[in-house]
Amino acid sequence: ANLQSVLQDTISPWSQQWNLNIQRQLPWQMSFEIAYVGTRGRHLSRNGEGGLDLNQLDPKYLSLGSQLNQQVDNPFFGLGTSGFFAFPKIARGQLLRPYPQFTSIIPLYSSGNSSNYHALQLTFGKRLAKGLQIDGNYTWGKNIDEGLNHQDSYNIRQSRSLADIDIAHRFVVSYLIELPFGKGRRFGATAPRIVDAVLGGWQFNGITTFQTGTPLSISASNTAGLFNPLTRANNNGRSAKLSGPVDERLSRYFDTSVFSQPAPFTFGNVSATLPDVRNDGVKNFDFSLFKSFAVHERAALQFRVECFNLFNHANFAVPVSDLNSANFGRILESGAARLLQLGVKVVF
C-alpha cells in the first residue's frame with residue numbers, strides 16, 4: 001500500500017535576505033541605482049511529483065542488479081489477507097525496502113532543501129516631465145537549489161543545480177511619450193478645437209522585455225530498480241549546447257547525441273538542470289497608442305490601440321526533453337503571436 005503522511009519533525013521553511021544599494025540623482029529628473037541582492041533559503045520544500053520516497057531501496061543494493069527482481073519466499077505470507085501478506089512469493093527488492101509492507105512512503109510537506117540567490121540589479125528612471133517618462137531595470141542573477149524532483153532519496157544534495165526558475169539576464173524598460181501637440185501641451189495649446197481634435201491628445205506607451213531562458217532538464221526512463229522517484233539521463237562528457245538562431249534549430253535545438261539512457265540498475269550522471277543549455281528566452285515589445293478627446297470640462301473620451309508582441313517575434317516553447325521520445329530535442333510550439341485589441345475609456 002502507498003502511505004502518505006506528515007512527518008512529526010517537519011521544520012518550517014525560513015530565509016535570509018540582504019542587499020546593498022547605491023542611488024544617484026541625475027540631471028533631467030533622472031535617477032540611477034545599482035544594487036547587490038542576496039537570498040538564502042533553508043528547510044524549503046523538497047517534495048514534488050518525483051520528489052522523495054522514504055521507502056526507496058538503499059543504493060548499495062544496485063550491485064545486486066537483476067537479482068532485485070527475482071521472486072523469493074515471502075516470510076510475511078499468511079500474516080494478512082491482502083496486499084503484501086497475500087503472496088507466497090515476492091520480489092527480493094521489495095523485501096529489502098526499509099518498510100517492505102508498503103510501496104511508496106511519501107512525507108507530505110517535507111522540508112530540507114536549500115537555495116541561494118545572488119544578483120546584480122541596475123535600475124534607472126525618469127519621472128514624468130515634458131511628456132516623457134522612463135522606467136527600466138536590468139538583473140544579472142543566479143539561483144541554485146535542490147529542486148523538488150530527486151533521483152536518489154538518500155542523496156538529496158545530488159539534485160543541487162541551477163534552479164528551474166533561474167533567469168540569468170533580464171532587461172525590462174517601460175516608457176510613456178506624450179506628443180507635445182494640443183490643449184495643455186507645448187505646441188498648439190490655443191489651436192482651434194477641430195485642429196486639437198486631430199493633432200492633440202496623442203500618447204505612446206511601451207514595454208520592452210529581453211530575458212534569457214530557464215535551464216533545461218533532461219528526463220529518462222526509470223530503470224534503476226530501487227523504487228526511486230526517477231532516473232536521469234547519462235551524458236558522455238560533452239556539452240549539448242548548439243549555436244545559431246533558434247528558428248534554424250527547431251528540429252535539433254541541442255545536441256541530442258551526447259545523452260543516453262542509463263543501463264538498468266544504475267543512476268544517470270546528468271544534473272537536475274543542464275548548466276549551459278537553456279530554453280528559448282524572451283524578446284517582446286508591447287505597444288499602445290492612446291488618443292484623448294475632450295467631451296466636457298470634466299470628462300474625456302480615450303481611444304486605445306494596444307498591441308502585444310508588436311513585431312510578432314516567435315518566443316519558442318520548451319523543447320522536448322524526454323530522452324526516449326521520438327521528438328527528443330525538437331521544439332514543437334511557439335508562444336503567443338501578435339495580438340491587437342481596441343478599446344474606449346471614459347475618464348472623468
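So, of the residues in region 297-348 that are in contact with a Cys (Cβ under 9 Å, 6 or more places away or on another chain) and of a type in the set (A, V, I, L, M), which turns out to be least open to solvent (accessible area, probe 1.4 Å)? Talk me through it step by step, then tell me what you get.
Restricting attention to region 297-348, the residues satisfying the condition of being in contact with a Cys (Cβ under 9 Å, 6 or more places away or on another chain) are 338-341.
Remaining after also requiring of a type in the set (A, V, I, L, M): 339-340.
Numbers: Leu339: 91, Leu340: 111 Å².
Looking at the filtered set, the residue picked out is Leu339.
Taking the condition of being polar (S, T, N, Q), in contact (Cβ under 8 Å) with a residue 24 or more places away in the chain, assigned to a loop (DSSP other than H, G, I, E, B) and within 27 Å of Tyr99 (Cα to Cα), how many residues in region 218-246 meet it? First the steps, then the outcome.
First, the residues of region 218-246 that are polar (S, T, N, Q): 219, 221-223, 228, 231, 234-236, 239, 243.
Okay, now just the ones that are also in contact (Cβ under 8 Å) with a residue 24 or more places away in the chain, so 219, 221, 223, 228, 231, 234-236, 239.
With assigned to a loop (DSSP other than H, G, I, E, B) added as a condition, the list becomes 221, 223, 228, 236, 239.
Next, only the ones that are within 27 Å of Tyr99 (Cα to Cα) stay: 221, 223, 228.
Going through region 218-246 one residue at a time, the tally reaches 3.
What are the residues in region 215-233 that are open to solvent by less than 40 Å² (accessible area, probe 1.4 Å) and polar (S, T, N, Q), if any?
Answer for region 215-233, where residues must be open to solvent by less than 40 Å² (accessible area, probe 1.4 Å) and polar (S, T, N, Q): Asn228, Thr231.
Across region 178-187, which residue is modelled with the highest pLDDT among those that are on the phi < 0 side of the Ramachandran plot and open to solvent by less than 70 Å² (accessible area, probe 1.4 Å)?
Step one: filter region 178-187 for residues on the phi < 0 side of the Ramachandran plot, giving 178-181, 183, 185-187.
Retained after the next criterion (residues that are open to solvent by less than 70 Å² (accessible area, probe 1.4 Å)): 178-180, 185.
On the way: Glu178: 88, Leu179: 85, Pro180: 83, Arg185: 71.
If we take residues in region 178-187 being on the phi < 0 side of the Ramachandran plot and open to solvent by less than 70 Å² (accessible area, probe 1.4 Å), then Glu178 is modelled with the highest pLDDT.
Just give me the residues in region 251-296 being open to solvent by less than 40 Å² (accessible area, probe 1.4 Å), in a strand (DSSP E or B) and closer than 14 Å to Ala220 by Cα, in sequence order.
The answer is Phe259, and nothing else.
Exactly one of these conditions fails for Leu148: (1) assigned to a strand (DSSP E or B); (2) under 16 Å from Pro215 (Cα atoms). Give me its number.
(1)
Hey, any hits in region 106-127 for a residue that's open to solvent by 60 Å² or more (accessible area, probe 1.4 Å), assigned to a loop (DSSP other than H, G, I, E, B), over 30 Å from Arg185 (Cβ atoms) and aromatic (Phe, Trp, Tyr)?
Within region 106-127, one or more residues are open to solvent by 60 Å² or more (accessible area, probe 1.4 Å), assigned to a loop (DSSP other than H, G, I, E, B), over 30 Å from Arg185 (Cβ atoms) and aromatic (Phe, Trp, Tyr).
Condition check ((1) small (Gly, Ala, Ser); (2) touching an Asp or Glu at 6+ places or on another chain (Cβ under 9 Å); (3) farther than 30 Å from Ser104 by Cβ) across all residues:
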{"residue": "Phe32", "(1), (2), (3)": "no, no, yes"}
{"residue": "Tyr36", "(1), (2), (3)": "no, no, yes"}
{"residue": "Arg40", "(1), (2), (3)": "no, no, yes"}
{"residue": "His43", "(1), (2), (3)": "no, no, no"}
{"residue": "Arg46", "(1), (2), (3)": "no, yes, no"}
{"residue": "Pro59", "(1), (2), (3)": "no, yes, no"}
{"residue": "Leu62", "(1), (2), (3)": "no, no, no"}
{"residue": "Asn69", "(1), (2), (3)": "no, no, no"}
{"residue": "Asp73", "(1), (2), (3)": "no, no, no"}
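Go through (1) crowded, with 18+ Cβ neighbours inside 10 Å; (2) farther than 30 Å from Leu176 by Cα for His43 and report which single condition fails.
(1)
The values are calculated or read from the model by the stated rules, or taken from the named source; none is laboratory data. Computed from a prediction, not measured in an experiment: that's the story for all the values here. Because the Cβ atoms are built from the backbone with ideal geometry, glycine has one as well, and the counts that use them run over all protein chains shown. When the accessible area is computed, the model is the full protein with side chains, heavy atoms only, and any ligands, DNA or RNA have been set aside. Shrake-Rupley method; radii C 1.70, N 1.55, O 1.52, S 1.80 Å.
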